[in-house]
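Working notes, beginning with the structure itself.
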Amino acid sequence: MRTKVFHLLVFLFCCFMCYSQNNIETGAGISAQDTYFLNRIKQEFFLRTPTNEPIKVDDIDGSPYLSEKFSPGKILDELTGKSEAVFLRYNIYNDEFEVKYDVSSENIVGLKKGSTLVAQLGDDKFYYKAFVNHKNEQKLGYLKEVYNSKNVVILKDYYQKLRLPKPAKTSLEKDIPAKLSNHQSYYLKTDKGTLIKIEMNRKKIANSFPNHQNEIKSFIKEKKLRFNDEKDLLQLANFYGTL
């Protein structure tokens, strides 16, 4: 059994190397075409699936990308003030931007990660920041700016959870496919640049803001905000900026 597993690992590694050399041009990032299939997720499935069988990308419900399409964007260097027009797409699962200089080209490079480099996808700007993620772990990653007015800046973290497939136990049951589900967390940027995680709960959210908690609670009650979606948070941020 060990011999079979070893041979399978060697085979997968060779396939990966051949595919990478023929289809991927890596940047300093390093990002690559279909990295979630050929690298991270594939390894995760192989190591954690009881049958030791690799899972095909078609068997995964969901996409690792914010959008599958490459869209017009810019790379902005805040240190030098330089910018470059490119085509971008954001890989949520790997937390990285994939770049094309020509949208019709097959060549994909990875955006170098750095605190001074901003990825602008359409009108949305993504900043590479240090923050405490949803697992309460310190992380360096991309955050999308969703609100910026006066002294209030709200940032959004996209992340995904991977559910492994479950084979049917009986002929009366159906296999449950692997699935990627999308999630998000929000952060308030303070005057000192610190990022505070916002609790998207109407009873707790006031504590996420450093000042004016009583006014916030009254506003939430008056407007009957539930914070089930981003719209309520942006309404609160707009109010907070007037205080």
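Only residues in region 103-128 that are not assigned by TED's automatic domain parsing to the domain that holds PHE87 count as the first member; pair them with residues that are of a type outside the set (D, E, K, R), Cβ under 6 angstrom, at least 6 apart or cross-chain, and list the lot.
Pairs that qualify, where the first residue is not assigned by TED's automatic domain parsing to the domain that holds PHE87 and the partner is of a type outside the set (D, E, K, R): there are none.
Filter region 78-112 for residues that are closer than 18 Å to LEU66 by Cα and among the charged types (D, E, K, R); which is nearest to the chain's Cα centre (by Cα)? Even if it seems obvious, please write down each step before you answer.
Within region 78-112, the subset closer than 18 Å to LEU66 by Cα is 86-100, 103, 108-111.
Next cut, among the charged types (D, E, K, R) only: 89, 95-96, 98, 100.
On the way: ARG89: 11, ASP95: 5, GLU96: 8, GLU98: 12, LYS100: 19 Å.
Looking at residues that are closer than 18 Å to LEU66 by Cα and among the charged types (D, E, K, R), I get ASP95.
Can you work out which of the residues in region 66-102 that are assigned to a strand (DSSP E or B) and aliphatic (A, V, I, L, M) is surrounded by the fewest Cβ atoms within 10 Å (Cβ to Cβ)?
ALA85
Any idea which of SER115, SER105 is closer than 19 Å to LEU79 by Cα and part of a loop (DSSP other than H, G, I, E, B)?
So the residue among SER115, SER105 that is closer than 19 Å to LEU79 by Cα and part of a loop (DSSP other than H, G, I, E, B) is SER115.
Just give me the residues in region 118-130 being over 21 Å from ILE196 (Cα atoms) and in a strand (DSSP E or B), in sequence order.
Going residue by residue through region 118-130, those that are over 21 Å from ILE196 (Cα atoms) are 119-123.
Those that are over 21 Å from ILE196 (Cα atoms) and in a strand (DSSP E or B): ALA119, GLN120, LEU121.
With the requirement that a residue be aliphatic (A, V, I, L, M) and over 13 Å from LEU234 (Cα atoms), what does region 186-210 give you?
Result: LEU195, ILE196, ALA206.
Say whether the condition of being surrounded by fewer than 18 Cβ atoms within 10 Å (Cβ to Cβ), closer than 23 Å to ASP95 by Cβ, at pLDDT below 95 and outside the structural domain of ASP61 (by TED's automatic domain parsing) is met by at least one residue in region 175-192.
No, region 175-192 has no match at all.
The values are calculated or read from the model by the stated rules, or taken from the named source; none is laboratory data. Since the structure is predicted, the reported quantities are computational estimates derived from the model, not experimental observations. When we count neighbours, we look across all protein chains shown, and the Cβ atoms used for this are built from the backbone with ideal geometry, even at glycine.
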